[in-house]
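To keep things clear, I will list the structure first and then write my remarks on it.
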C-alpha cells in the first residue's frame, strides 16, 4: 500500500501509462481524440452552410436566366421601336413633301409637345 493509504486501481494506472506512451509516440493523438466532438459539431455546421450556399447558387442561376431572357426581350423591343421609327420617318417625309397645311400644323404641335 502506498504512503497515505490511497490505493490506485490497476486499470487507472494502466490507462495513465497508456496515455503517457501515446503522448510520447504521437503527442497530438490525444488532443485530436478529445477534439472529436468539437470537430463533429464544426462539420455539421459546415454541411448546413454548404447546403444553404448551394440553394443560394441555384436561386442566383435561376435569376440570371430570367435576366438574360429579359435582356433578349428588351433587345427585340428596341429593334421594333427602331423599325417603327424608320416607318414613321418615311411616312412623315412623304407627307411633308405634299405641302398639306394640316400635316404642317400637326408636326408643329407634335414638335412643341415632345421637345
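In table form, for the structure just shown:
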item: For the chain, built as a Gaussian network whose Cα springs stay under 10 Å, the top-fluctuating residue of 55, 76, 15; result: 15
item: Calculated over the chain: convex hull of Cα atoms, volume per residue (Å³); result: 230 Å³
item: Between helix 101-114 and the chain: long-axis angle, C-alpha atoms, 0 to 90°, nearest 10; result: 30 degrees
item: CD proxy at 222 nm, helix term only [per DSSP H run n ≥ 4: -39500 (n - 2.57); per residue of the chain; nearest 500]; result: -30500 deg cm²/dmol
item: Residue order, fewest to most beta carbons within 10 Å, for 78, 23; result: 78, 23
item: Estimated FRET transfer efficiency (residue 90, residue 69; beta-carbon r; R0 22 Å; 0.05); result: 0.10
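Every number in this text was worked out from the coordinates using simple rules, so none of it is lab data. Source: prediction; values computed, not measured. Glycine gets a Cβ as well: all are built from the backbone with ideal geometry, and neighbour counts include every protein chain shown.
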